[in-house]
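The values are calculated or read from the model by the stated rules, or taken from the named source; none is laboratory data. If you're wondering where the values come from, they're calculated on a predicted model, not measured in any experiment. Here the Cβ positions follow ideal geometry from the backbone for every residue, glycine too, while neighbour counts run over all protein chains shown. Surface areas here come from the heavy atoms of the whole protein model, side chains and all, with no ligands, DNA or RNA. Shrake-Rupley method; radii C 1.70, N 1.55, O 1.52, S 1.80 Å.
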Amino acid sequence: MRTLRGTWMAAIVATLAAVAVLPTSAQADDDGGLPGVAASTETPALYGDDAGGNADADDPAIWRNAANPGASLVIGTAKEGGLRVYDLAGKEVQSIPAPPAPTPDDKPGRFNNVDLVSGFPLSTGRADVAVVTDRGRDHLRIYRIDPSAAQPPKDITASDAPLVFSKTQEEVNQQTTPYGLATWTDKATGRSYAVASQRSRTRLALLELKATSTGTVTYQQVRTYDLPSSFTLPNGRSWTPCGDPGDLPQVEGMVVDPANNVLYAGQEDVGIWRMPATLGSRPKLIDKVREYGVPATYDEASEECTPGTDPGYGGKHLSADVEGLTILDQGSGSGYLLASSQGDNTFAAYDREVGEGNAYESGFRITAGTVDGSEECDGAAVLNAPLGSRYPNGLLVVQDGHNTPDEIGADGEPRDNTNFKFVDLGC
């Protein structure tokens, strides 16, 4: 496949070719000596406690300002903290709160994942919009992006937009609500869609985004698809990933490849699925997590799963959870599918070309540079396009689930501390 010459990804591919002769056991135990890529910039810390507004960095999206690429923005979800908007220096320029709870007994808004739709046809003209899964209120939220960045993205969600997965507020409060998200536009019809996953379930929902006559956006469910929750292993036994009682193996990280309208979905404790973005046919599991097939027992006292003997049916490149997925587009259908391997703090790169079977190409870590690296990464976004003088070769943004240095709270304990790291594609 065609590679990005002179960039860190090309260097990573070359490095992985050199270490590919390591024994499988060594790769599993020590990630095969994967190369590190230094983060150059970070956003301010977010704190997931009451003092910090229960803000928890989760998923980023990169909006390119076509008229002024150096004024492009990174939009990140912060769960109960709503949305944060950053400039390319990592400075917070806007903060948008999540909707409040309808009543004190209900759940407030909680923004989980974000993705973008370019040139969406509103009644007032075409505009770029950010689509967000509101896990707290069981909605999609749609925000119009102002190219001037003088005004924050404006909420243009229709007031009568339906619940995504629930039928009643009581069901909403149980929080089996929208979790992961990927958006795409069908080039043949011009229609735009969102694929949302359901928290604690295996269900995916295809939702068509629809403009109203008043300049707002609503959505309508087209179909749903349930991924498997149990699997038949080569030894004939049935295996179900261990989780909290009543929970099924959920999906969060998702991305649609616009070259062919193919959806990649990361089932956290299982692996990466490939299927049509229309959810119209059966998926293919293109890679598995190392823990695939490992029996485990849920321990109520520790609220953790205790693993048994590994039968050896798992993959070699991902450690559960598999999380943020993003496409590094090199044009003409070439490039990479990048996936966060949260369990070992690495990223895996797969051939984007379906005809090549999405073969594993490389892996890497986000390491400390002028700022600390990324650990326990939830979400990622990459854009292989010039972004002004700061990122002329493009940008990778990843969530850091364990930002350092720690800050000690009033109780003497470290505060939950997360943010986003920026990586220069030209370094």
Packing-ranked peptide list from 320-328, 279-287, highest mean Cβ count within 10 angstrom first, is 320-328, 279-287
Zone residues, the stretch 182-218, relative to Leu163, backbone N less than 13 Å from point 7 Å out along Cα-to-Cβ: none
Keeping every protein chain in place, order Thr176, Thr232 by accessible area at 1.4 Å, biggest value first, i.e. largest first. Thr232, Thr176
Mind listing the long-range amide H neighbours of Asn261? Cut-off is under 5 Å, sequence gap 5 or more, other chains count too, H placed in the peptide plane at 1.01 Å from N. none
Positive dipole terminus of the stretch 133-249, leading residue within Ser192, Thr133, Gly243 (C-beta point charges): Ser192
Which option, (i) 31; (ii) 22; (iii) 19, is the value of percent of Cα pairs over 37 Å apart that was calculated from these coordinates? (iii)
Step through the table entries Lys167/Lys288; Lys107/Lys154; Lys167/Lys210, compare each Cα-Cα distance with 29 Å, and write down the pairs that go over it. Lys167/Lys288
Mind giving me the nanometre distance, one decimal, between the label points for Arg126 and Gln220, set 7 Å out from Cα along Cα→Cβ? 2.3 nm
Distance between Cα centroids, the stretch 83-148 to the stretch 281-329: provide it in whole Å. 31 Å
List the residues whose amide H sits under 5 Å from the amide H of Glu407, counting only those 5 or more places along or on another chain, with H placed 1.01 Å from N in the peptide plane. Arg415
Reported to the nearest 10 Å², Ser123 has, with a 1.4 Å probe, an accessible area equal to 70 Å²
What are the residues whose amide H is under 5 Å from the amide H of Glu42, where those residues sit 5 or more places off or on another chain and H is modelled from the backbone? Phe422
If each of Ser389 and Ser230 carries a label point 7 Å out from its Cα toward its Cβ, how far apart are those two points in nm? 6.2 nm
Using a simple charge model, +1 on the beta-carbon of Lys and Arg, -1 on the beta-carbon of Asp and Glu, nothing else, what dipole does the chain show about its Cα centre, in debye to the nearest 20? 2160 debye
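Within 10 Å, count the other beta carbons around each residue, average over each peptide in 346-355, 404-413, 69-78, 329-338, and list them highest first.
Per-residue mean Cβ counts within 10 Å order the peptides as 69-78, 346-355, 329-338, 404-413.
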Considering only protein heavy atoms, what is the solvent-accessible area of Cys242 at a probe of 1.4 Å, reported in Å² to the nearest 10? 40 Å²
Compute the FRET efficiency between Ala71 and Thr309 as 1/(1 + (r/R0)^6), taking r as their Cβ-Cβ distance and R0 = 51 Å, and round to the nearest 0.05. 0.40
Provide the gained length on full extension for the span Asp406 to Tyr298, in nm with one decimal, where the gain is 0.36 nm per separating residue minus the Cα-Cα distance. 35.8 nm
